[in-house]
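Below is one structure, written out as structure tokens, with a few remarks after it.
Where a number appears in this text, it was derived from the coordinates with a stated rule and is not lab data. These figures come from a predicted structure and were not determined experimentally. Every residue, glycine as well, gets a Cβ built from its backbone with ideal geometry; the counts of neighbours run over all protein chains shown.
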Amino acid sequence: MPTHTLRAKHRTSTLRTLAFLSPWLVGFGVFFAYPLVSTLYFSLMRYDGFGVPEFRGAGNWTYVFQDYPMFWPALRNTLWLVLVMVTCRVVFGLGIGLLVTRIKTATGVFRTLFYLPYLAPPVAATLAFVFLLNPGTGPVNSALEGLGLPAPGWFTDAAWSKPALTALALWGVGDLMVIFMAALLDVPKEQYEAAALDGASPWQRFRFVTLPAISPIILFAVVTGVIQTMQYYTQPLVAGKVASGVIGGSGQQFEPGYPDKSTLTLPQLVHNLGFQRFDYGAACVVALVLFALSMAFTALLMRSRGGLIQAGDR
Amino acid sequence: MTRPAPSPPGRRTALLHWIAVHALGVAAALFFTLPFLFVVLTSLMSDQQALTRDLVPDTWQWDNYRTVWDTPGFLTWWRNTLLYAGLGTVLTVVSSLPVAYALAKFRFRGRNLSVMLVISMMMLPPQVVVIPMYLFWAKQLDLSGTLWPLIVPMAFGDAFSIFLLRQFLLTIPDEYLDAARVDGCGELRTLLRVVLPMARPGIAAVALFQFFYAWNDYFGPQIYTSENPAAWTLSYGLESFKGAHHTDWNLTMAATVLVMAPVILVFFFAQKAFVEGVTLTGTKG
């Protein structure tokens, strides 16, 4: 074949690839690359949405790190949620996954019941939990008092609001249950039989057969859990708003974090700075911190790409 | 006196094991279902009783649901949610499928880089780019107070949907595509005639996820529509409903049920489609 037709063929295939990719190429430019560069630009500017942005240099950065009273509490809350909520969700999700693979009667019913809460819209689920965990009249505290146990203030007590959010997150553990269930069913049966022949106890079988086999999925669950925690927005915001009894829907007056900054997360700061205080520059600083943290954990996730591909396949 | 025949120890432990597993199963089922039950029961109480510790309504007030339904705005929020979730889902599938197809089946330089960029976009919290995006939609296009800033981007591919569809398309053997190409089909026809029917379960899954995403989205409507209640969606309106009826837990819980119910219904219908889809691909090898 003469070279010029080969080259022509190559050109048409490049054009064809570009045509198929075109929706995403536009989307990537307009909704990802441009706003990211723009966020970087605004993080150096003083801008309130009116007039002309004015150069402020590192001023926004020092403001956020030194003078903005919500930044460090939000970061501390995020750390708490990563350590406690993510761990609890992974352990509980694995437990429910193990349980559901052992249930032999009405398996489908159990699976569906365990999965359903994951589908509950976050605002609705949060409202339901603020009601259920209402310290005065909620059924949970009635039950606790009936059993002679202490009845905490849950969403109205700074020490208990994050545990209450963790309970809500455990209720919606269905996504992890499905991932773990698939992974557990993939462990070759022969390995269990061989271990049983060697006289391994159930715990030893779990420790030396199950855990090594599913460890990539555990890593996947932990890392995606951390990334989700970086995005954790609706539940803590709505819980704080509703528990504080703030009236009116537009919420422009609500200072997030009730009670006592204990439910603040980084995404809420972007909203607070940008859309309540109209300090777009400082909001972009928090956005960049959020970006750096998310991308660091995404890089970690891609290094263990096997887990990502498998879980995407489910 | 006859002693009961001793059951073999193996069977006895197996029985005990069965009982233990199913007792745990029932306990877990209670944990997952009781919140739904309490919400439904409270939604049927009088406003006075909803503030007490009672669990079961004295009088079953089915009218609460009518009251919520007749609340000014509630119907508009429904319409807006269906528009956002419905149109958004269609646009997402139509724009993401060709991208996923190219990333799964074409060979070109920069393919791996593109996949990594898709994954990065997928993991990006929406708050990271919201300031410039808001300024773009509100100041340059004057579209704040509408849902268009949330719907239009879906016509340009959604990272999560592209990723998931690509994963699905990777499982379709190349031989099917080659056969179509030998028959003289161009890539677009191959995609529409051969790949599309085989990818139906994957498309159904993506559509379902995208529908749920839009239905549940709170941040998007909060940013772009908070100033205009006529453009609110259910997820955003629900919270303001609580604000306006702050002591009427019965009505708030009824509204909560009305927001949860469609999602759960869609799941039950789609679950069947999922199973069918999985079986179909299974028989096709």
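In nanometres, what is the gap between the two model label sites at B:Q48 and B:R11, each 7 Å from Cα along Cα-to-Cβ?
Computed distance between label sites B:Q48 and B:R11 equals 6.1 nm.
Can you give me the long-range amide H partners of A:R46? Hydrogens built in the peptide plane at 1.01 Å from N, cutoff under 5 Å, separation of 5 or more residues or another chain.
A:E54, A:F55, A:R56
Give me the distance between the Cα centres of region B:108-151 and region A:213-233, rounded to whole Å.
Each part reduced to its Cα centre gives a spacing of 23 Å.
For n ≥ 4 DSSP H runs only, could you compute -39500 (n - 2.57) per run for chain B, divide by its residues and tell me the 222 nm figure to the nearest 500?
Numbers: 13 runs with 193 residues, N = 285.
Taking each H run of at least 4 residues, the total per residue is -22000 deg cm²/dmol.
Can you put B:F106, B:F268 in order, fewest other beta carbons within 10 Å first?
Details: B:F106 15, B:F268 10.
Ranking B:F106, B:F268 by Cβ neighbours within 10 Å, fewest first, gives B:F268, B:F106.
I need the phi-derived Karplus couplings for region A:212-217: 6.51 cos²θ - 1.76 cosθ + 1.60, θ = phi - 60°, integer Hz, Gly and Pro marked x.
Karplus values, whole Hz, x for Gly and Pro: x, 5, 9, 4, x, 6.
Residue by residue through region A:45-59, what is 3J(HN,Hα) from phi via Karplus (6.51 cos²θ - 1.76 cosθ + 1.60, θ = phi - 60°)? Round to whole Hz and write x for glycine and proline.
Working through the residues one at a time gives 10, 9, 8, 10, x, 10, x, 10, x, 10, 5, 10, x, 7, x Hz.
So how strong a dipole does chain A carry about its Cα centre when Lys and Arg Cβ are +1 and Asp and Glu Cβ are -1, to the nearest 20 debye?
Values: 21 positive and 14 negative charges, 210 e Å.
Dipole magnitude for chain A comes out near 1000 debye.
Collect residues whose amide H, placed 1.01 Å from N in the peptide plane, falls under 5 Å from the amide H of B:D248; neighbours closer than 5 in sequence don't count.
Here nothing satisfies the definition.
Once the dipole of region B:73-240 is set up with Lys and Arg at +1 and Asp and Glu at -1 on Cβ about the Cα centre, which of B:S144, B:F209, B:L192 lies farthest towards its positive end?
B:L192
Using only Cα atoms, locate the centre of region A:130-199 and the centre of region B:190-222, then give the distance between them in Å, rounded to an integer.
Spelled out, the Cα-based centre of one part sits 30 Å from the other.
Can you give the calculated 222 nm mean residue ellipticity of chain A, where each DSSP H run of n ≥ 4 adds -39,500 (n - 2.57) and the sum is split over every residue, rounded to the nearest 500 deg cm²/dmol?
Helices in chain A give a 222 nm mean residue ellipticity of -20000 deg cm²/dmol.
With the cut-off at 1.5 for a/c, could you classify the protein assembly as shown from its C-alpha gyration tensor as rounded, prolate or oblate?
Numbers: a/c = 1.63, a/b = 1.06, b/c = 1.53.
Oblate, because a/c is 1.5 or more while a/b does not exceed b/c.
To the nearest whole number, what is the average tally of beta carbon atoms from other chains within 10 Å of the beta carbons of peptide B:250-258? All intermediate terms of the calculation are to be shown ahead of the outcome.
Working: counts 0, 0, 6, 4, 0, 2, 9, 2, 1.
That works out to 3 on average.
Which shape class, rounded, prolate or oblate, goes with chain A when its Cα gyration tensor gives a ≥ b ≥ c as root eigenvalues, a/c under 1.5 marks rounded, and past that a/b bigger than b/c marks prolate? It would help to have the intermediate numbers written out before the result.
On the way: a/c = 2.24, a/b = 1.07, b/c = 2.10.
Oblate shape, in that a/c is at least 1.5 and b/c is the bigger or equal ratio.
Through the Karplus equation 6.51 cos²θ - 1.76 cosθ + 1.60, θ set to phi - 60°, convert the phi angles of region B:217-231 into ³J(HN,Hα) values in whole Hz; use x for Gly and Pro.
Result, ordered by residue: 4, 10, 5, x, x, 4, 5, 9, 10, 4, 6, 10, x, 5, 10 Hz.
For region A:2-61, give the magnitude of the charge dipole about the Cα centre (Cβ charges: +1 Lys/Arg, -1 Asp/Glu; no others), in debye to the nearest 20. Could the numbers behind the result be given before it?
Values: 6 positive and 2 negative charges, 104 e Å.
Magnitude of the dipole: close to 500 debye.
From the square roots a ≥ b ≥ c of the eigenvalues of the alpha-carbon gyration tensor of chain B, which class results: rounded (a/c under 1.5), prolate (a/b over b/c), or oblate? Spell out each step's value before the answer.
On the way: a/c = 2.56, a/b = 1.13, b/c = 2.26.
Judged from the Cα gyration tensor, chain B comes out oblate (a/c at least 1.5, b/c at or above a/b).
If you take each beta carbon of peptide B:233-245 and count the beta carbons of other chains within 10 angstrom, what is the mean?
5
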